[in-house]
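One structure is given below, encoded as structure tokens.
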Amino acid sequence: MAASPKLPPFDPADPLGIDDLLEPEDLAVRDTVRAWARDRVVPYVGRWYEDGELPQIRELARELGAIGALGMSLTGYGCAGASAVQYGLACLELEAADSGIRSLVSVQGSLAMYAIHRFGSEEQKLGWLPRMAAGDAIGCFGLTEPDHGSDPAAMRTFAKRDGTDWVLDGRKMWITNGSVAAVAVVWAQTEGGIRGFVVPTDTPGFSAPEIKHKWSLRASVTSELVLDGVRLPADAVLPDVTGLRGPLSCLSHARYGIVWGAMGAARSCFETAVDYARSREQFGRPIGGFQLTQAKLADMAVELHKGILLAHHLGRRMDAGRLRPEQVSFGKLNNVREAIEICRTARTILGANGISLEYPVMRHATNLESVLTYEGTVEMHQLVLGKALTGLDAFR
Ligand SMILES: Cc1cc2nc3c(=O)[nH]c(=O)nc-3n(C[C@H](O)[C@H](O)[C@H](O)COP(=O)(O)OP(=O)(O)OC[C@H]3O[C@@H](n4cnc5c(N)ncnc54)[C@H](O)[C@@H]3O)c2cc1C
């Protein structure tokens, strides 16, 4: 009888052996981003969160540019040209530090840069992408309005022609990076349908007051965009797209990053809970020794690593050019929902300490409330899947 092959040891950090699916370059990207986040975000983010600010955002953006994390999966124009899996791994590591940092990177790369890269003119690409990839210019993406969130087709922001110029009027709401952006990609109604505009934020009539009093994503800049007679030259419009297809394809790209990122927040909470359960003693022994705590940890590990496996599967499909938007909805719906559940369960394991900013758990849990809503709410992704499964549109 042939000897049974020697099995690799069980790795609590990678119980399914998912790392075996990664190439050495994937691991190198992951390690680089993990080290950056560990050194430059983790020690400080509790304070930023408590203060409700991201004080070094420009410096952080340049550092993220230096490690190739901005517009990471785009090619040319100073972008890293990384694979979708590598981009996903980066999102996971960034969100393990804080969802606000991952949001900065997602909005910069997957929304603002992606829109210019995919739909922009050569002049727009040359003018903005190298600076954005380096982190010298921060971008934002204005789709949501005060009265139009899940239904962006009903947006009121309007761009009208005046001679060859465009003149934009309207309001955008909840815009990540808005107040610190050098450039805003703004979506507006025109007589010919929805169009995207590349708006330098120093254009007269443009302002971006910061939204305060958030109890989620506190280490992230979120703003209103005010457009009062913003006059732009003819070449400010993104030439290669008309209609909602433009912003929706950018959102699909950003959502893909969230599928990975949410598992980063979950991993941080899970690891914190395991450490705590091994050292916290009640009734004369570590709480990790009680069956009820072990059941929680086992269930958290199952959902965490299933979620990472799902993200990896979607990443491989994206790299093969076979990822459908419905599959991204599947991933975002599952992974954000499960990540929140993991964070909440971790919170219970930490008891009263679970609500303290001394630990990352409550910060991640409240951050994920935004992640659950932005880039399409849970309900929108359920409706996307419901329509794909039944052929019946339940949106209206
Ligand atoms: C921190 C943060 C950062 C953000 N950053 C950006 C950004 O950078 N750029 C940007 O453009 N936007 C951004 N957003 C906005 C975000 O994308 C929207 O909040 C989101 O699309 C939901 O819109 P809403 O908040 O207006 O909710 P609404 O659309 O008003 O929805 C409210 C509730 O009604 C439900 N609902 C709506 N329609 C239906 C229906 N047909 N059937 C069943 N349920 C329905 C929703 O699912 C939700 O539960 C950000 C939001 C947050 C919180």
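The values are calculated or read from the model by the stated rules, or taken from the named source; none is laboratory data. Source: prediction; values computed, not measured. Methodologically, a virtual Cβ is constructed for each residue, glycine included, from the backbone with ideal geometry; neighbour enumeration extends over all protein chains shown.
How do the helices (runs of 4 or more DSSP H) wholly within the range 296-396 filter down when requiring 2 or more residues that are more than 22 Å from the chain's Cα centre (by Cα) and within 16 Å of the ligand (Cβ to nearest atom): which remain? Fully inside the range 296-396 and qualifying: 378-390.
The set of residues in the range 246-274 being out of contact with any Leu (no Cβ under 7 Å at 6 or more places or on another chain) and of a type in the set (Lys, Arg) consists of Arg255 alone.
Can you name the residue in the range 215-233 that is within 15 Å of the chain's Cα centre (by Cα) and at negative phi and, of all such residues, is nearest to the ligand (Cβ to nearest atom)?
We begin by selecting, within the range 215-233, every residue within 15 Å of the chain's Cα centre (by Cα); these are 216-222.
Then keep just the ones that are at negative phi; that gives 216, 218-222.
On the way: Ser216: 6, Arg218: 10, Ala219: 11, Ser220: 6, Val221: 10, Thr222: 5 Å.
Top of the filtered list is Thr222.
When the residues of the range 130-156 are narrowed to those that are aliphatic (A, V, I, L, M), touching a Phe, Trp or Tyr at 6+ places or on another chain (Cβ under 9 Å) and closer than 14 Å to Ala61 by Cα, which ends up surrounded by the most Cβ atoms within 10 Å (Cβ to Cβ)? Quick ask: steps written out before the conclusion?
Filtering the range 130-156 for residues aliphatic (A, V, I, L, M) gives 132-134, 137-138, 143, 153-155.
Cutting the leftovers down to touching a Phe, Trp or Tyr at 6+ places or on another chain (Cβ under 9 Å) gives us 132-133, 137, 143, 155.
Filter again for closer than 14 Å to Ala61 by Cα, leaving 132-133, 137.
Values: Met132: 29, Ala133: 26, Ala137: 24.
That would be Met132.
Looking at the range 185-202, which of the residues that are among the hydrophobic types (A, V, I, L, M, F, W, C) and touching a residue at least 60 places away in the same chain (Cβ under 8 Å) is nearest to Thr164 (Cα to Cα)?
Looking only at the range 185-202, we keep the residues that are among the hydrophobic types (A, V, I, L, M, F, W, C), and these are 185-188, 194, 197-199.
Narrowing the set further to residues that are touching a residue at least 60 places away in the same chain (Cβ under 8 Å) leaves 185, 187, 198.
Values: Val185: 20, Trp187: 19, Val198: 16 Å.
Looking at the filtered set, the residue picked out is Val198.
The set of residues from the range 143-158 being touching a residue at least 12 places away in the same chain (Cβ under 8 Å), in a strand (DSSP E or B) and within 16 Å of the ligand (Cβ to nearest atom) comprises just one member, Glu145. Among residues of the range 203-240 being among the polar types (S, T, N, Q) and not in a loop (DSSP other than H, G, I, E, B), the one that is surrounded by the fewest Cβ atoms within 10 Å (Cβ to Cβ) is Ser207.
Beta carbons closer than 9 Å, at least 6 apart along the sequence or on distinct chains, pair a first residue in the range 20-44 that is under 15 Å from Leu60 (Cβ atoms) with a second that is modelled with pLDDT under 95 and surrounded by 13 or more Cβ atoms within 10 Å (Cβ to Cβ) for Arg40/Gln56; Tyr44/Gln56. From the list Val384, Val371, Val378, the one residue that fits, being in contact with an Asp or Glu (Cβ under 8 Å, 6 or more places away or on another chain), among the β-branched types (Val, Ile, Thr) and touching a residue at least 24 places away in the same chain (Cβ under 8 Å), is Val384. Might you let me know whether the range 131-142 holds any residue that is closer than 29 Å to Arg363 by Cα, more than 17 Å from the chain's Cα centre (by Cα) and within 12 Å of the ligand (Cβ to nearest atom)? Checking the range 131-142: not a single residue is closer than 29 Å to Arg363 by Cα, more than 17 Å from the chain's Cα centre (by Cα) and within 12 Å of the ligand (Cβ to nearest atom). Within this structure, Ile175 fails the test of being within 21 Å of Val45 (Cα to Cα), surrounded by fewer than 17 Cβ atoms within 10 Å (Cβ to Cβ), touching a strand residue (DSSP E or B) at 6+ places or on another chain (Cβ under 9 Å) and among the hydrophobic types (A, V, I, L, M, F, W, C). Scan the range 77-84 and give yes if some residue there is surrounded by fewer than 23 Cβ atoms within 10 Å (Cβ to Cβ), away from the ligand (no atom under 13 Å from the Cβ), in contact (Cβ under 8 Å) with a residue 40 or more places away in the chain and at positive phi, otherwise no. Yes: one or more hits.
In this structure, is Arg255 within 30 Å of Arg38 (Cβ to Cβ) and either charged (D, E, K, R) or outside any helix (DSSP H, G or I) (or both)? When the stated conditions are applied, Arg255 passes them. Close contacts from the range 203-230, counting a first residue that is outside the structural domain of Asp169 (by TED's automatic domain parsing) and a second that is within 14 Å of the ligand (Cβ to nearest atom) and modelled with pLDDT of 95 or more, with Cβ to Cβ under 6 Å and a gap of 6+ residues or different chains, come to none at all.
Would you say Gly243 is assigned to a loop (DSSP other than H, G, I, E, B) and free of Cβ contacts under 8 Å to residues at least 60 places away in the same chain? Before the answer, list the steps.
Details: assigned to a loop (DSSP other than H, G, I, E, B): yes; free of Cβ contacts under 8 Å to residues at least 60 places away in the same chain: yes.
Judged against the criteria, Gly243 is a match.
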